[in-house]
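Take a look at the structure below.
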Amino acid sequence: MTNFVHCRGCGHQIHETAPTCPKCGAPQVIAAQAAPSAMAPLASSLASYGPIPWYRQRWALICIFLLFAPAVAVIAWTGELYYIARGTVKTFPKSVKVVITGMAIFLLIAAGSDEEALQGFAGMLLIGMAIGLSLRK
Ligand SMILES: [Zn+2]
């Protein structure tokens, strides 16, 4: 019996056993067919965000971070934060979560303060952090 699945990268119909898409080259997860021992860890085998909730994906996280950084700190400590680099889905390390949390606390303090210099510094840190997250490979 021949079964076809849709490519995780481009949606093109490909054979279910194809390790990569012949059209776009994206690696395919053969979760249903692969033996459990042969399965790679989820994060390193995905070529797209797939079932990952939108608020755990990099660009949504950066937008949320700029709007309300503490929300990202909460998301970070209730699961993983994902981004795609070189065609695979990766997670931000714990050190990034710690920095995000530190930033969120600092921003809350700055927002509650009357010091304009502190608020300006917090704003610059916020933008710098967002750029850092968006450039991470
Ligand atoms: Zn494809």
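Every read-out reported here was derived from the displayed coordinates using simple, explicitly stated rules and does not represent laboratory data. Model, not experiment: these values are computed from the prediction. Quick reminder, even Gly has a Cβ in these numbers, built from the backbone with ideal geometry, and neighbours come from all protein chains shown.
Below are the figures for this structure:
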read-out: In sequence order, calculated HN-Hα J values of the range 56-61 (Karplus, 6.51, -1.76, 1.60; Hz; x Gly/Pro); value: 9, 9, 3, 5, 5, 4
read-out: Percent of alpha-carbon pairs separated by more than 23 Å within the chain; value: 46 percent
read-out: Net charge, Gly79 excluded, C-beta distance under 13 Å - Lys, Arg +1, Asp, Glu -1; value: +2
read-out: Computed [θ] at 222 nm, helices only, for the chain once each DSSP H run of length n ≥ 4 contributes -39500 (n - 2.57); value: -15000 deg cm²/dmol
read-out: Calculated from backbone phi, Karplus (6.51, -1.76, 1.60) coupling profile of the range 85-101 in Hz, x at Gly/Pro; value: 9, 6, x, 10, 7, 10, 10, 5, x, 4, 4, 5, 4, 5, 5, 4, 5
read-out: Ordering of 10-19, 89-98 by burial proxy (mean other Cβ atoms within 10 Å per residue, highest first); value: 89-98, 10-19
read-out: Amide H contacts of Leu46 (H built 1.01 Å from N, under 5 Å, at least 5 apart or other chain); value: Val89
